[in-house]
Each structure stands twice: as C-alpha cells, then as structure tokens.
Amino acid sequence: MIEAVDIHKKFGDLEVLRGISLKVDPGEVVVIIGPSGSGKSTFLRCLNRLTEPTKGEIYFDGVRITDPDVDINKVRSQIGMVFQSFNLFLHLTAKRNIMLALTEVKGIEKADAERIAMEALDKVGLLDKADAYPGQLSGGQQQRVAIARAIAMNPKLIMFDEPTSALDPELIGEVLDVMKSLAKGGMTMIVVSHEMGFAREVSDRVVFMDQGVILEEGSPAEIFSNPKHERTRVFLRRILHE
C-alpha cells in the first residue's frame, strides 16, 4: 500500500530522519512507538508530503509520490490523516466539518455528502451529535469527528499522529475503540502512539524508532515480550511502568 525508501529529513543542521525504510501492506495495522523527539511524527508527515523529505522515495499504491509531477492533492484524498489536535473548523457543525472535504475536494453533491457524513458519524457513535459544534463536544468526541471526517473520504490508508495524546485519560478509550473497529474492518492504518495496550492488542506490527532511525520492528509479541535491542528494552520498561 505504501513504501518509504531511505527517507531523510533535515531542518537546517538538525537531521530528524536518518534513513527510514518501511513497507506497509494493504489491511495491515502498523504502530510506531518510541520516545518523544525520535522523528515519528515527522516521518508520518513525510509519507503524505505534508513535510517534504530531504532525500528518499515514497511509493503509494504503486505510484512514486515523491515525483515532482505527481498530483499530491489527489494522493492525499486517498490518505486519511488524524492529528493529535483535532483540526476541526469551530464555526461548522460536526456534520458540516465532514461534508466540507467531500464537496470541496471530491466534488460530491451536497445531498450525497450529507448522507456519507451521517454514515461516518454513525460509525464513530456520534450520529446524535451531527448538528453540534466542536465547542459543544468533549475532546474525545471531537477526535471521533476527526476520524469520521477521515473515513468519509473512503481512503485506502489512514494515518494517526498520536490521536489520544491531547485527551483526558477517561476519554482515551472511546477513541481507541473506534480505531479498533476500523482495524477489525480491514482498514490499512499507520499509528504513532504511546498507547502500548492498543499496540499490543490491535497492531500486526510494531516499529520502534529512536533518534531518526528504526531500531527494530516485529510482531507485538516479539517487541513487547522479547525486544532484541537494549534501547527498546529500556524504553518499554520505562513506559510500561509509568
């Protein structure tokens, strides 16, 4: 579905990514873990070129999207992105937030966009909040609207950048439940997260990043029960005993 080959990213003299290669197959759920500042979010943003890689190639669904001639907006319409800050328009209702990209990006008629938006809200358990504004919703509900907005576009891949890190602890579960149901439904997902329980339960593969490189990757059982790299062991010991 998507493949990154030798991705580097420099901001001035700071090299944030130092040669990342990763392939994600259709229907696979990959969770990227690692300490803050390891380059996880930057890597995610490079995958849909919200951040331009300094070096390296990215292929999505067989197309080299680092090609300067590629229509990146067309590519992005097939890659959903859910950020840690919900990025909702405060002056639009939940339903209108979802409809906007459908009508403006995909050119879908308003009536059809409304039907798709309502179906997406139903999938995240927020059908009754269609006419609520973001300010009337909890953080967890706002993030579920953001997920509904992503799935309404019928993407081939959804990327989540620490989707629960801005939430109060009691609201995290409702967002993770929606993500679990997406995974069970066969959605291809790349998730940057500190939620180790989610990674252990839902992912097909866990990738551990530190200092701009992938130190190791494997099944949840391999990474959590028998990590090979000492840095992975230290990180997991710390985060699992917090």
Could you give each residue of region 163-176 its phi-based ³J(HN,Hα) in whole Hz, using Karplus coefficients 6.51, -1.76, 1.60 with θ = phi - 60°, and x for Gly or Pro? x, 10, 5, 8, 9, 5, x, 6, 9, 5, x, 5, 6, 4
Under a Cβ-Cβ cut-off of 12 Å, what is the net charge of the residues other than Ile79 that fall near it, where Lys and Arg count +1 and Asp and Glu count -1? +4
With axes computed from alpha carbons, what is the tilt in degrees of helix 230-240 against the longest principal axis of the chain, rounded to the nearest 10 within 0 to 90? 40 degrees
Suppose the Debye formula is applied to equal point scatterers at every Cα of region 1-107; what is log10 I(q)/I(0) at q = 0.10 Å⁻¹? -0.35
Per residue value of the accessible surface for the chain (all protein chains in place, 1.4 Å probe), Å²: 47 Å²
Cα-centred dipole magnitude for region 69-199, charges only on beta-carbon of K, R (+1) and D, E (-1), debye, nearest 20: 300 debye
Over the chain, relative contact order from alpha-carbon pairs under 8 Å, at least 6 apart, %: 27 percent
Mean separation of Cα contacts under 8 Å (at least 6 apart) over the residue count of region 1-112, i.e. the relative contact order in percent, is 23 percent
If unit charges are put on Cβ atoms (+1 for Lys and Arg, -1 for Asp and Glu) and the dipole of the chain is taken about its Cα centre, the option from Gly19, Leu88, Gly197 lying farthest towards the positive end turns out to be Gly19
Please report, in debye to the nearest 20, how large the charge dipole of region 27-77 is about its Cα centre when each Lys and Arg carries +1 at its beta carbon and each Asp and Glu carries -1 there. 220 debye
Going by amide H atoms built from the backbone, whose H comes under 5 Å of the H on Glu216, apart from near neighbours? Phe208
Once amide H atoms are placed 1.01 Å from N in the peptide plane, what residues at a sequence separation of 5 or more from Thr188, or on another chain, have their amide H within under 5 Å of its amide H? Gly27, Ile158
Can you run phi through the Karplus equation (6.51, -1.76, 1.60; θ = phi - 60°) for region 118-125 and list ³J(HN,Hα) in whole Hz, with x for Gly and Pro? 5, 5, 5, 5, 4, 5, 9, x
How big is the convex hull of the Cα atoms of region 148-242, per residue, in Å³? 116 Å³
Check: region 94-171 dipole with +1 on Lys, Arg Cβ and -1 on Asp, Glu Cβ, in debye: 220 debye
Ranked packing of 61-73, 98-110, most packed first, by mean Cβ within 10 Å: 98-110, 61-73
Distribution output for the chain: share of Cα-Cα pairs per 10 Å bin in percent, first bin at 0, values 8, 31, 35, 21, 5, 0
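The values are calculated or read from the model by the stated rules, or taken from the named source; none is laboratory data. As the structure is a computational prediction, the values presented were derived from the model and not from experiment. Counting neighbours? That spans all protein chains shown, and the Cβs are built from the backbone with ideal geometry, glycine included. Quick note on the areas: whole protein, heavy atoms, side chains included, nothing else; ligands and nucleic acids left out. Shrake-Rupley method; radii C 1.70, N 1.55, O 1.52, S 1.80 Å.
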